[in-house]
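One structure follows; several queries about it will come next.
Any read-out appearing in this document is the output of simple, stated calculations on the displayed coordinates, not a laboratory observation. As the structure is a computational prediction, the values presented were derived from the model and not from experiment.
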Amino acid sequence: MDQFETDMDAAAREEIDRACTLGWRQLRDHTPWGDTFEGFTPEGRAVCFERSYLWEGDPGGDIRVEVTVYEPQAYEDGVSVVRTIHRETA
């Protein structure tokens, strides 16, 4: 992995950590939802962060969290990471 990929990967992993700080109960009423915003990688590269919360399967089940980090002119060269927030049983 070259320095560019390492920087983009680090940015994506930091953002998905932030995206997963809310629990299932906080997110259930707002899923599906997503947004895109501008920011910077750890090395200072200007990028876009795209964050999505989607139902993993049926609505009301697990929530799939997707984060993609990319340079505005090169979406196809971006880095994507995915995690699942499992449904809480109460």
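Relative contact order for the chain using alpha-carbon pairs under 8 Å, separation at least 6, rounded to a whole percent?
29
Take the Cα coordinates of region 39-79, assign each an equal point scatterer, and use the Debye formula without solvent to give log10 I(q)/I(0) at q = 0.17, 0.18 Å⁻¹.
Reported log10 I(q)/I(0), two decimals: -0.54, -0.58.
Can you pull the Rg over Rh of the chain, Cα-only, Kirkwood?
Ratio of gyration radius to Kirkwood radius for the chain: 1.03.
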